[in-house]
Amino acid sequence: MGTYTIQIRQRGVVTLPNTLREAYGLGEDDVLTLIDLGGAFVLSPRISVVSKIARVIEKKRDQAGISLEELIANVHQYRHSKV
């Protein structure tokens, strides 16, 4: 736990320090809840398991060199072969 200084940029954008993002496993498109305590803010990660799983699948698909279309076609083919 620590104290961090962040700056509000254009359109209200703030950047969380990398040390916090890494510590809490936060990445692009993760959702945070902001609680206004009347003079103090609390940010709390709302970690979506589905979003995390989707990012892992996307990374593995990219590493394997498989296009999204190929992946979808293979899923359809696999499902129809099980009927």
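Just so you know, all these numbers are worked out from the coordinates, no wet-lab data involved. This is a predicted model, so every value here is computed, not measured. Virtual Cβ from ideal backbone geometry, glycine too; neighbours counted across all protein chains shown.
Per residue of the chain, the DSSP helices (runs of n ≥ 4 H) give a summed -39500 (n - 2.57) that works out to -13500 deg cm²/dmol at 222 nm.
In terms of packing, defined here as the mean over residues of other Cβ atoms within 10 angstrom, the peptides 65-72, 20-27 line up highest first as 20-27, 65-72.
With K and R counted +1 and D and E -1, the other residues having a Cβ less than 11 Å from that of residue 51 yield a net charge of -1.
For the chain, the longest principal axis of the C-alpha atoms and the axis of helix 49-64 are separated by about 50°.
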